[in-house]
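Step one of this worksheet: look at the structure below.
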Amino acid sequence: NGTSRGVLVDASNMEVYGNLIYNNNIGVDTGAAGIVLNSGGWDGIKIVNNTVYNGSGKCIWQTTGTVTNSRIENNICWGNANNFIDLDGTGFTCDRNTATTFNASCTNNSTADPLFVNAASQDFNLQSGSPAFETGTATSAVAGFACHAAGCNRGAMVAPTARPKAAKAQQQPR
């Protein structure tokens, strides 16, 4: 997208969900990441059901400070220069994400290739047999989140071929 941060979280009670962040390339930038929790001191952050692909930096990154009562769940980080969920502190639940590296106390995560149908053509549906299929948790539902595609139960991931391509407005990455 031409900037170093796909999504910048810089206030309490922000919800980042259902996004596809791809080709977020600005070169080697110490602040480059798909999703950045900037500075800290934030409460009630929800980063749920996002896909970050082909970025030049980290996947999800907390720069400094503290985060409390927050959730980082059901995200796929793949094909980036650094598929790293880099979080400091303990004020969050980090659960059921797919990435290659975690430095936080994340649980129930996968480091296996999620097997996108064709990422080069921006088709981020999951192939049959994907290790990311049916690995989400329904408890991650964000208040007010509505499913816009048939069969897109994001927690249970029931229909990997029912999600639209990235070029469409209502991408359902997980």
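The values are calculated or read from the model by the stated rules, or taken from the named source; none is laboratory data. Everything numeric here is computed off the predicted structure, so don't read it as measured data. Cβ: placed from backbone, ideal geometry, glycine included. Neighbour counts: every protein chain shown. Areas reflect the complete protein model, heavy atoms only, side chains present, ligands, DNA and RNA absent. Shrake-Rupley method; radii C 1.70, N 1.55, O 1.52, S 1.80 Å.
Would you kindly compute the Cα radius of gyration of the range 1-124 and its largest Cα-Cα separation (Dmax), both in Å?
Cα-based Rg and Dmax for the range 1-124 come out at 13.1, 39 Å.
Per 0.36 nm of contour for each residue apart, how much would the distance between ASP113 and THR90 grow if the chain were fully extended, relative to their Cα-Cα spacing?
Stretched fully, the ASP113-THR90 segment lengthens by 5.6 nm.
Among DSSP bridges having both ends in the range 44-134, what percentage is antiparallel? Round to the nearest 5.
Counting only bridges with both partners in the range 44-134, antiparallel ones make up about 10 percent.
Go through ASP123, ASP10 and list them by solvent-accessible area, largest first, probe radius 1.4 Å.
Sorted by accessible area, descending: ASP10, ASP123.
Which residues in the range 51-86 place their backbone N less than 18 Å from a point set 7 Å from the Cα of ASP43 along the Cα-to-Cβ direction?
65-72
What does the charge add up to near ASN13, with Lys and Arg as +1, Asp and Glu as -1, over the other residues with Cβ less than 14 Å from its Cβ?
Computed value for this residue: -1.
Just the number please: accessible area per residue for the range 43-109, 1.4 Å probe, all protein chains included, in Å².
About 34 Å² of surface per residue is accessible.
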